[in-house]
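Below is one structure, written out as structure tokens; the observations come after it.
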Amino acid sequence: MSGGVQTVLTDLWQRRWPDCPPVGYKLRDPYRDVWVRFHSLPESKRYATDESEYAVVLRRYNTVLDELFAGGDVYVITPVWTTESEVPPFQPDARYWQSLLVEDDPDPEFRTYCHLFAARRPWRHGCLDELLRNVADDKVAGIFVTDTQMRRIHYPYDGGADVFLTTPEERDRTRDRHAHWLSASPSGL
């Protein structure tokens, strides 16, 4: 990714999500008014145990992803967490975007960096199934998918997905469409 695209991504992020670094799990608190969480399995079960449950997990992820991104391109943002400030190598289709110092400890061995990589691709139903299955199994964490204007974010985790929309009204419509995937907890978690 060229320096120009890195700057564009950073500018888009700062314009849309200025109260938070581009780390999915940190978005919920400052952007509660546009956030909704969907669980991956009935009764808030966290992990799939057979292929029929994996089918439910992937269907739920893809249903929301289709609603958010069908017909457009997306950025798949993948973090690499290290204790080193040097940018690690990554996969060939993703390009380095930026590095964040997430935990600034006086002892360098306890500092944590998040190196972000972005891959732009056309959204197609099922195109991220392998990655999403790894997320569901907690083999991969911290990825998020966003449109090319960074207006909407889908942040999958092992057990569900946090979704950030453009307005509280859009959030409510999306939440209501999939009310049976919500947590029974008043906090939405």
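The values are calculated or read from the model by the stated rules, or taken from the named source; none is laboratory data. Here the structure is a predicted model, which means the values were calculated and not measured. FYI the Cβ positions are ideal-geometry reconstructions off the backbone, even for glycines, and counts take in every protein chain you see. Heads up: the accessible areas ignore ligands, DNA and RNA and are worked out on the full protein's heavy atoms, side chains in. Shrake-Rupley method; radii C 1.70, N 1.55, O 1.52, S 1.80 Å.
Do you know which of the residues in region 65-85 that are of a type in the set (Ser, Thr, Tyr) and not in a strand (DSSP E or B) is surrounded by the most Cβ atoms within 10 Å (Cβ to Cβ)? Before the answer, list the steps.
The initial filter retains those residues of region 65-85 that are of a type in the set (Ser, Thr, Tyr), namely 75, 78, 82-83, 85.
Within this subset, residues satisfying the condition of being not in a strand (DSSP E or B) are 83, 85.
Values: Thr83: 13, Ser85: 11.
Among them, the one singled out is Thr83.
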Worksheet entry | Hits in region 1-58 - residues which are part of a loop (DSSP other than H, G, I, E, B), of a type outside the set (A, V, I, L, M) and more than 27 Å from Ala94 (Cβ to Cβ) | Asp29, Lys45, Arg46, Thr49, Asp50
Fill in: For Pro88: the one exception among (1) assigned to a loop (DSSP other than H, G, I, E, B); (2) open to solvent by 40 Å² or more (accessible area, probe 1.4 Å); (3) free of Cβ contacts under 8 Å to residues at least 60 places away in the same chain
(2)
Worksheet entry | From the options Val135, Val102, Val163, residue that is β-branched (Val, Ile, Thr), closer than 14 Å to Val76 by Cβ and either open to solvent by less than 10 Å² (accessible area, probe 1.4 Å) or touching a Phe, Trp or Tyr at 6+ places or on another chain (Cβ under 7 Å) (or both) | Val135
